[in-house]
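The values are calculated or read from the model by the stated rules, or taken from the named source; none is laboratory data. All of these numbers come straight from a predicted model, not from anything done at the bench. Using ideal geometry, Cβ is built from the backbone for each residue, glycine included, and neighbour counts are taken over all protein chains shown. With ligands, DNA and RNA removed, areas are computed over all heavy atoms of the protein, side chains included. Shrake-Rupley method; radii C 1.70, N 1.55, O 1.52, S 1.80 Å.
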Amino acid sequence: MSFKRIADAGDLTGKTALVRVDFNVPMDKGLVTDDTRLRSAVETVQTLRTQGAKVVLLAHFGRPKGQRVAEMSLAPVAGAFAKVLGSNVSFVADCTGDHVKQAIADLAPAGVILLENTRFHPGEEKGDMALARDIADLGDVYVNDAFSAAHRRHVSTAVLAELLPAYAGCAMERELDALDKALGTPEKPVLAIVGGAKVSSKIDLLKNLVTQVDALAIGGGMANTFLAARGHSVGKSLCEHDLADTAREIETIAGQNGCDILLPRDLVVAREFAANAANRTCGLDEVADDEMILDAGPQTVVILATAMDVARTLVWNGPLGAFEMTPFDAATVAAAKAAAARARDGRLVAVAGGGDTVAALNHAGVTDDFTFVSTAGGAFLEWMEGKPLPGVDALRRHNT
């Protein structure tokens, strides 16, 4: 994947870098409750400071829809980021205008300043060129370090790359390199594991993956739809019976592209959806009418582990069962540990992403052993679906 990195910018002494970061952090009563996204921006900011640049941070918070909403101001985030950075971070209550220019002019070399929520301007989400020019006029180079917002063609995520020399930040660089290893130019064979509740939310993803990977394992509630489409009874399980034709179409596309579909071979069922509910493991045609499938069984985990032994690359999105409740987390945890062990030993490039996936891997205690775990959410899913990401395309288009 061809794009310019901060290292390509050279000496930035006397220059101002406009840096798009993801500071859309959890807040409670004006306090940041999870600073993960703040910490992810530190490397990029420190690298630019080392290269002599003034660092001007651009970010959004919430969905103010082009209006100034006091509760969505980034002002409290400036102090929180200063603590993470270990250095002073100034704040300006806008992202355009002469007073912003003056604040940047007054900033010392290697100084850091956070501008107000870009979404307070209605032109931000519209990709308005006039607003883009006003913001671009504040700096000399543009750095995008917010992959999580790269699926949007907003001023701060994509349009600025058309007006200034543009580079990927360190976090963006790691994300793009990992995704390229996973589906761009992967080492084959490639295994994808896709779980979650509903097929309807992942139709595009499934249709794209079966044309890209060698094997696709389907788990979670969405596997029930595929099992039902094959004629198996799923009792009162979560199942989109109306998507049986879609499931069969996806299997047909997979066959045309040489992709093996792996469905559960055994199931963990219960009569109530509750933690530690009475349960049993059964075969595919043994689900009673009053039972629901809440997890894949141990035989299925063995099959997945065997598939991992064959694969050289793994892409994972979504849990294999109701992992939030014991004991229905067993298959997800066991499969995650199997993947982590192979990644740790260098036998497998394992890339995962998506909100539930990150939570599941954290629950299994294996996040650090995966090759890469993306926290980007929507952008990660759209990448898996094969959809264009304007923020990434802008970096590639204007810098190659």
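One line per residue, one yes/no per condition, for (1) under 27 Å from Q102 (Cα atoms); (2) under 19 Å from the mean Cα position of the chain (by Cα); (3) at pLDDT 95 or above:
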position: M27; (1), (2), (3): no, no, no
position: L31; (1), (2), (3): no, no, no
position: R37; (1), (2), (3): no, yes, no
position: S40; (1), (2), (3): no, yes, no
position: Q46; (1), (2), (3): yes, no, yes
position: A53; (1), (2), (3): yes, no, yes
position: A70; (1), (2), (3): yes, no, no
position: S73; (1), (2), (3): yes, no, yes
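Kindly establish whether A229 is of a type outside the set (D, E), over 27 Å from the mean Cα position of the chain (by Cα), surrounded by 20 or more Cβ atoms within 10 Å (Cβ to Cβ) and farther than 22 Å from T332 by Cα. In short, yes.
Looking at K236, K202, which one is basic (K, R) and under 19 Å from the mean Cα position of the chain (by Cα)? Please lay out each step first, then the result.
Values: K236 fails: under 19 Å from the mean Cα position of the chain (by Cα).
K202 is the lone residue from the list that is basic (K, R) and under 19 Å from the mean Cα position of the chain (by Cα).
For the stretch 254-272, a residue qualifies if it is assigned to a loop (DSSP other than H, G, I, E, B) and open to solvent by 20 Å² or more (accessible area, probe 1.4 Å), and the qualifying residues are N257, G258, R265, R271, E272. Among the residues in the stretch 279-288, are any among the polar types (S, T, N, Q) and open to solvent by less than 10 Å² (accessible area, probe 1.4 Å)? Within the stretch 279-288, not a single residue is among the polar types (S, T, N, Q) and open to solvent by less than 10 Å² (accessible area, probe 1.4 Å). Cβ-Cβ contacts under 7 Å between residues 6 or more apart (or on different chains), taken from a first residue in the stretch 124-140 that is over 12 Å from S156 (Cα atoms) to a second residue that is of a type outside the set (F, W, Y) and in a helix (DSSP H, G or I), are listed as A130/G123; L138/V100; L138/K101; L138/I104.
Please count how many residues of the stretch 55-83 are buried (at least 24 other Cβ atoms within 10 Å of the Cβ) and either among the hydroxyl-bearing types (S, T, Y) or free of Cβ contacts under 8 Å to residues at least 60 places away in the same chain (or both).
Matching residues across the stretch 55-83 total 5.
Those residues that are among the basic types (K, R) and either in contact with a helix residue (DSSP H, G or I) (Cβ under 7 Å, 6 or more places away or on another chain) or within 23 Å of G378 (Cα to Cα) (or both), I need them from the stretch 5-52; list them, please. Once the filter is applied, which keeps residues that are among the basic types (K, R) and either in contact with a helix residue (DSSP H, G or I) (Cβ under 7 Å, 6 or more places away or on another chain) or within 23 Å of G378 (Cα to Cα) (or both), the stretch 5-52 yields R5, R20, R37, R39.
Per-residue answers, yes or no, for (1) open to solvent by less than 50 Å² (accessible area, probe 1.4 Å); (2) within 26 Å of P26 (Cβ to Cβ); (3) among the hydrophobic types (A, V, I, L, M, F, W, C):
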{"position": "V349", "(1), (2), (3)": "yes, no, yes"}
{"position": "V358", "(1), (2), (3)": "yes, yes, yes"}
{"position": "S374", "(1), (2), (3)": "yes, yes, no"}
{"position": "A379", "(1), (2), (3)": "yes, yes, yes"}
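The sole residue among L131, L138 that is in contact with a Pro (Cβ under 9 Å, 6 or more places away or on another chain), open to solvent by 10 Å² or more (accessible area, probe 1.4 Å) and aliphatic (A, V, I, L, M) is L131. The set of residues in the stretch 150-163 being of a type outside the set (D, E), open to solvent by 10 Å² or more (accessible area, probe 1.4 Å) and under 26 Å from the mean Cα position of the chain (by Cα) consists of H151, R152, R153, H154. Looking only at the stretch 23-51, how many residues end up being open to solvent by less than 20 Å² (accessible area, probe 1.4 Å) and not β-branched (V, I, T)? Total meeting the criteria: 4.
A search for C-beta distances below 9 Å between a residue of the stretch 192-212 that is in contact (Cβ under 8 Å) with a residue 40 or more places away in the chain and any residue that is of a type in the set (K, R), counting only pairs 6+ apart in sequence or on different chains, returns V194/K202; G196/K202; D204/K387; N208/K387.
Is it the case, given these coordinates, that R396 is open to solvent by 10 Å² or more (accessible area, probe 1.4 Å), over 14 Å from the mean Cα position of the chain (by Cα) and modelled with pLDDT of 95 or more?
Values: open to solvent by 10 Å² or more (accessible area, probe 1.4 Å): yes; over 14 Å from the mean Cα position of the chain (by Cα): yes; modelled with pLDDT of 95 or more: no.
So R396 does not fit the description; no.
For the stretch 298-400, which helices (runs of 4 or more DSSP H) that fit wholly inside it have 1 or more residues that are out of contact with any Asp or Glu (no Cβ under 7 Å at 6 or more places or on another chain) and farther than 30 Å from L164 by Cα? First the steps, then the outcome.
Working: elements: 298-310, 330-344, 355-364, 378-384, 390-397.
Where helices (runs of 4 or more DSSP H) fall fully within the stretch 298-400 and carry at least 1 residues being out of contact with any Asp or Glu (no Cβ under 7 Å at 6 or more places or on another chain) and farther than 30 Å from L164 by Cα, they are 298-310, 330-344, 355-364.
Provide a single number: the residues in the stretch 167-193 that are surrounded by fewer than 24 Cβ atoms within 10 Å (Cβ to Cβ) and touching a Leu at 6+ places or on another chain (Cβ under 8 Å).
The first filter runs over the stretch 167-193 and keeps only residues surrounded by fewer than 24 Cβ atoms within 10 Å (Cβ to Cβ), leaving 170, 173-174, 176-178, 180-181, 183-190.
Next, only the ones that are touching a Leu at 6+ places or on another chain (Cβ under 8 Å) stay: 190.
Total satisfying the criteria: 1.
Inside the stretch 86-116, can you point out the residues that are more than 19 Å from G139 (Cβ to Cβ) and open to solvent by less than 40 Å² (accessible area, probe 1.4 Å)? Give the steps one after another, and end with the answer.
Going through the stretch 86-116, the residues more than 19 Å from G139 (Cβ to Cβ) turn out to be 86-88.
Across the stretch 86-116, the qualifying residue is only S87.
Residue-wise test of (1) among the small types (G, A, S); (2) in contact with a Gly (Cβ under 8 Å, 6 or more places away or on another chain); (3) without any contact (Cβ under 8 Å) to a residue 24 or more places away in the chain; (4) not in a strand (DSSP E or B).
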position	(1), (2), (3), (4)
S148	yes, yes, no, yes
H151	no, yes, no, yes
T157	no, yes, no, yes
A171	yes, no, no, yes
K181	no, no, no, yes
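Within the stretch 109-140, the set of residues being within 18 Å of T50 (Cα to Cα), in a loop (DSSP other than H, G, I, E, B) and at pLDDT 95 or above comprises A110, G111, G139, D140. Answer yes or no as to whether W316 is crowded, with 20+ Cβ neighbours inside 10 Å and over 25 Å from R20 (Cβ atoms). For W316, the condition - crowded, with 20+ Cβ neighbours inside 10 Å and over 25 Å from R20 (Cβ atoms) - is met.
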